[in-house]
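The values are calculated or read from the model by the stated rules, or taken from the named source; none is laboratory data. Just so it is clear, the structure is predicted and the values come from calculations on it, not from any experiment. Please note: Cβ atoms are built from the backbone with ideal geometry, for glycine as well, and neighbour counts cover all protein chains shown. Ligands, DNA and RNA are excluded from the accessible area calculation, which covers all protein heavy atoms including side chains. Shrake-Rupley method; radii C 1.70, N 1.55, O 1.52, S 1.80 Å.
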Amino acid sequence: MVGLVDCDSFFCSCERVFRPDLDGKPVVVLSNNDGCVVARSAEAKAMGIPEGLPYYQMRERWHGADVTAFSSNYTLYGDLSARVMRVLAEEAPEVVQYSIDEAFLDLTGIPPETLKPWGEKLCATVLRSTGIPVSLGIAPTRTLAKAASKFAKRYPGYRKCCIIDSETARRKALALLPVGDVWGVGRQTRKALNNAGVRTALDFAECPRAWVRMRFHVTGERTWDELNGHSVIEVDALEAVTKKTIVTSRSFPDMLTDLADLRSHVANYAARCALKLRRQRSVCAMLTAFVQSNHFREDLEQYDAGALFTFSTPTASTIEIVGGALSALGTIFRKGIRYKRAGVMVSGIASDTAVQPDLFEYDPERMARSRHISETLDSVNRRMGSDTVVLGSQQYRVKGEDGKNLKFVNAIHRGLKSPDYTTRFATMTVG
């Protein structure tokens, strides 16, 4: 049997660990620059607050409501995620982390008749040890385990642990699960299935295999197999997933016209792409920087452009990737445009163990120095909090309190950010 542990409203739960006064109250977490709602507690969902709603619209529509909003605090979320995974590793035979708030468990060797009490105890242990509530789904396949975890989270009667261990339980669960909620079924696939009259996961599982293979190819056939109780998604495949392109893009709180301000944001996005590359032990061969005007302001001049930058030697260096992004930005910037969005996409991604250097520009000392700088940045920011140390180009200029003298601040705005309770001694005292 396979288990799937899913942290309940993870970002909101992390904030509540150190704010017990918010238990039972609506909480939302916002995207970078406090742009829109990216996470909601169960109470916020019950109020009808949708995911992706711009924060200013939430404040207008729920003016006066007792909703607490937080800026995203990825340092806190990452540390609490690691603590949850450590507890799981101590209790389960084998753990494979799938995302920041999910992990698959190999439950081979645990007697079937003890799985339910074992699962309930595991969820209670994680909550007691970390303060994070989790739900556990157990089933013969990973896709069914994901489905079971949804029911464990939704219905209190399961006591945080739902098991699909029989044909009757499988059919009942799939009949209650919309096909769009099935792991591996994306938005476009859901639309195609709905147009074909497939509404529930059970409808999909009962479709002929040949029809599924013809319409949705090997990926859809794997999902179909898993829903029918045949395990075809291996743990090794989950661990080996490497992104082939990485994109970091944001809308600005206000429209920008100044190149210096735009450079700061693009530098910040490029630095985050570089960090993501290093986390998956990869390098990129090229990047694209792009900018957009405000498409909702038809009264303004519209502009949408991108530029490609190719590296002579594939890299994951923050300095090199930021430099390439700023160089590309310089070729597409136009004066007079009011910019609302920008981003950086890195591509041509390969393993950092298979770098083919340029024959004429290869400089081992420069590459070693650049790698050392990036590793130092990662180390400091991991210990002291993200963006503690950044490149000068990642900061942007704002007027001081006197309205004249300029000061420099980090380009990501997080006006509602909670303290880094678990990683900085200065914020250890709560209340």
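So L259 clears everything in (1) open to solvent by 50 Å² or more (accessible area, probe 1.4 Å); (2) out of contact with any Phe, Trp or Tyr (no Cβ under 6 Å at 6 or more places or on another chain); (3) farther than 22 Å from R371 by Cβ; (4) aliphatic (A, V, I, L, M) except one condition, right? Which one?
(2)
Determine whether T125 is more than 22 Å from L202 (Cβ to Cβ) and either over 25 Å from the mean Cα position of the chain (by Cα) or surrounded by fewer than 17 Cβ atoms within 10 Å (Cβ to Cβ) (or both).
Numbers: more than 22 Å from L202 (Cβ to Cβ): yes; either over 25 Å from the mean Cα position of the chain (by Cα) or surrounded by fewer than 17 Cβ atoms within 10 Å (Cβ to Cβ) (or both): yes.
So T125 fits the description; yes.
Restricting attention to the range 94-115, which residues are modelled with pLDDT under 90 and open to solvent by 80 Å² or more (accessible area, probe 1.4 Å)?
E94, Q97, Y98, T108
Could you check, for the range 89-105, whether at least one of its residues is within 26 Å of G157 (Cα to Cα) and in a helix (DSSP H, G or I)?
Yes, the range 89-105 contains a residue that is within 26 Å of G157 (Cα to Cα) and in a helix (DSSP H, G or I).
Given the condition part of a helix (DSSP H, G or I), of a type in the set (A, V, I, L, M, F, W, C) and either within 21 Å of L127 (Cβ to Cβ) or free of Cβ contacts under 8 Å to residues at least 12 places away in the same chain (or both), answer yes or no: does some residue in the range 16-28 qualify? Walk me through how you get there before you give the answer.
We begin by selecting, within the range 16-28, every residue part of a helix (DSSP H, G or I); these are 16-17, 20-22.
Still in the running and of a type in the set (A, V, I, L, M, F, W, C): 17, 22.
Now drop any that are not either within 21 Å of L127 (Cβ to Cβ) or free of Cβ contacts under 8 Å to residues at least 12 places away in the same chain (or both), which leaves 17, 22.
Among the residues of the range 16-28, at least one is part of a helix (DSSP H, G or I), of a type in the set (A, V, I, L, M, F, W, C) and either within 21 Å of L127 (Cβ to Cβ) or free of Cβ contacts under 8 Å to residues at least 12 places away in the same chain (or both), which makes the answer yes.
I'd like to verify a number: residues in the range 173-217 that are part of a helix (DSSP H, G or I), polar (S, T, N, Q), under 21 Å from G229 (Cβ atoms) and open to solvent by less than 40 Å² (accessible area, probe 1.4 Å), how many?
Pass one, the range 173-217, residues part of a helix (DSSP H, G or I): 173-176, 179-181, 187-195, 201-205, 209-217.
Filter once more, keeping what is polar (S, T, N, Q): 188-189, 194-195.
Adding the requirement that they be under 21 Å from G229 (Cβ atoms) leaves 189.
Applying the additional criterion that residues be open to solvent by less than 40 Å² (accessible area, probe 1.4 Å) yields none.
Total satisfying the criteria: 0.
Can you tell me which residue is nearest to F333 (Cα to Cα) among those in the range 277-318 that are open to solvent by 30 Å² or more (accessible area, probe 1.4 Å) and touching a residue at least 60 places away in the same chain (Cβ under 8 Å)?
Across the range 277-318, the extreme among qualifying residues is M286.
Residues to consider are I349, I337; find the one that is modelled with pLDDT under 90 and either open to solvent by less than 60 Å² (accessible area, probe 1.4 Å) or over 27 Å from the mean Cα position of the chain (by Cα) (or both).
Working: I337 fails: modelled with pLDDT under 90.
Matching residue, one of I349, I337: I349.
Condition first: closer than 26 Å to G343 by Cβ, outside any loop (DSSP other than H, G, I, E, B) and open to solvent by less than 20 Å² (accessible area, probe 1.4 Å). Now tell me which residues in the range 35-68 satisfy that.
V37, A39, M58
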